[in-house]
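The values are calculated or read from the model by the stated rules, or taken from the named source; none is laboratory data. All of these numbers come straight from a predicted model, not from anything done at the bench. Neighbour counts are summed over all protein chains in view; Cβ atoms, including those assigned to glycine, are modelled from backbone coordinates with ideal geometry.
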Amino acid sequence: MKFKKSITALALSAIMMASQVMPALAAPVTGTDAAGNVLAYSKDTVTVPTTIVVAFNPQGYKITQRTGDTTGTTSQIASLNYGLESQATMDRIAKITFETSYVANASGEKDIEFVSTEEEATSAGKDEMKVYLAVASNTAAISKDKAATPTTFAVASGKSNVTGALLSDVDMTADTTQNVAFVSENGATKATISLSLNKAEYQVKSGETVDWTTTQSQLAEKMELKTLGGIEGFTFVGAMNTDADWTKAKATGIKITPTYDITEADGTEKVLAGTHAQVALETGAKVAFTSAGVITVSGLTAEQNYKSSKLTIEGKDYALDGDKNIAWGTSEWNAETGGTMVITMKPAYTEFASGKATTVTVTFTDDTTKSKTVTID
């Protein structure tokens, strides 16, 4: 017991001595700066079909669609199924706009008319060149192509086996409820759908190491694909007037040209009922907001023009109009007709909001609003 007591006494003595000299250590000590690398990897690859082939078959003749196809199809709109595959590191939205053009028929007499329902096409009068053409998306995940010996889409040795050629004929079931009809307007016939593409997953390659000194560019060299992102698809459906003599049409063929607009998903998109990944199209003016503090308001019109905007940071609202820490890009905007406006947060604002969830809300002249939320860098 005495031994234990002596230890306690010594400890107390040491504490007392330390407390007596503490004032001498009160001055702050500056350590060595340590910069921590942000280990982030980004890729933005989306593979799309290389070709689109559709046959317009008003009399419903049997058409074989690929090598080894003995069943064929008698559909009036005979189309293969097409896919898009994402290898992006973030969720993406693929907005696809399809536009038709004609292979001219020099001896043709009749204009082709695109209608909005199947009934309008099938009940048309004699020699009315009416066609109902629509885009349909897939109802379930796509996992392979439609060849006689299908290729299952997969990752091997860090690489995807999916190609644009394989995506030009995929195995999918088409939805029947959310089809988008081609509509003629201002001299063009178009249809547009949007598909949500889930992000892919990446991993560090076997044998590679990541340490404190690894930079983002070095990390990129060490990464490989682990799992595929979303593979979603579309096809074409419709009907034609069987009572028309289509040899009299002013076209011997109808081309369909797709334009793909790939953007980052914001998480608010809602998948339409009956589909696997088709999302509602955004209508009216659009608001984009980057983590660098750049707000782009596009699609403004005379009926829906810019009225005001504000930021909400940690529950507090900050009006942007008239704020000296905001730069206004209005070279492509007009107060009467609309256009595109770019609103940029200056450094004083981005430094204040850095690391915080920041919401921009834009109010339009029709009193509607749209909001976007990001975390400022």
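Brief remarks follow.
- Within region 238-271, the set of residues being more than 15 Å from the chain's Cα centre (by Cα), of a type outside the set (S, T, N, Q) and surrounded by 14 or more Cβ atoms within 10 Å (Cβ to Cβ) comprises Gly238, Ala239, Met240, Asp243, Ala244, Trp246, Ala249, Lys250, Ala251, Ile254, Ile256, Pro258.
- Among the residues listed as Thr296, Thr301, the single one being of a type outside the set (Gly, Ala, Ser) and surrounded by fewer than 15 Cβ atoms within 10 Å (Cβ to Cβ): Thr301
- Every residue from region 81-99 that is over 17 Å from the mean Cα position of the chain (by Cα) and surrounded by fewer than 20 Cβ atoms within 10 Å (Cβ to Cβ): Glu99
- Region 190-217 residues that are without any contact (Cβ under 8 Å) to a residue 40 or more places away in the chain, paired with ones that are among the charged types (D, E, K, R) and outside any strand (DSSP E or B) (beta carbon under 6 Å, 6 or more apart): Val204/Lys222; Glu208/Lys222
- Residue within region 10-19 that is modelled with pLDDT of 85 or more and either assigned by TED's automatic domain parsing to the domain that holds Asp243 or not aromatic (Phe, Trp, Tyr) (or both) present: no
- Matching residues in region 238-257 - criterion: being polar (S, T, N, Q) and assigned to a strand (DSSP E or B): Thr252, Thr257
- Meets criteria (at negative phi, modelled with pLDDT of 95 or more and out of contact with any Leu (no Cβ under 7 Å at 6 or more places or on another chain)) for Ala174: yes
Every residue, every condition in (1) more than 15 Å from Thr290 (Cα to Cα); (2) of a type in the set (D, E, K, R); (3) in contact with a Cys (Cβ under 7 Å, 6 or more places away or on another chain), yes or no:
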| site | (1), (2), (3) |
| --- | --- |
| Tyr318 | yes, no, no |
| Gly322 | yes, no, no |
| Glu336 | yes, yes, no |
| Ile343 | no, no, no |
| Lys346 | no, yes, no |
| Thr375 | no, no, no |
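- Answer residue from region 57-74, given it is touching a residue at least 24 places away in the same chain (Cβ under 8 Å) and loosely packed, with under 11 Cβ neighbours inside 10 Å and is nearest to the chain's Cα centre (by Cα) among those: Thr67
- Of everything listed in (1) in contact with a Ser or Thr (Cβ under 7 Å, 6 or more places away or on another chain); (2) part of a strand (DSSP E or B); (3) modelled with pLDDT under 95, the single unmet condition for Thr363 is (3).
- Test: residue in region 100-116 that is closer than 25 Å to Thr275 by Cα, in contact with an Asp or Glu (Cβ under 7 Å, 6 or more places away or on another chain) and not in a loop (DSSP other than H, G, I, E, B): no
- Tally of residues being surrounded by 15 or more Cβ atoms within 10 Å (Cβ to Cβ) and part of a strand (DSSP E or B) across region 226-237: 7
- Residues of region 145-170 classified as in contact with a Pro (Cβ under 9 Å, 6 or more places away or on another chain), of a type outside the set (A, V, I, L, M) and either farther than 26 Å from Ala191 by Cα or crowded, with 18+ Cβ neighbours inside 10 Å (or both), total: 2
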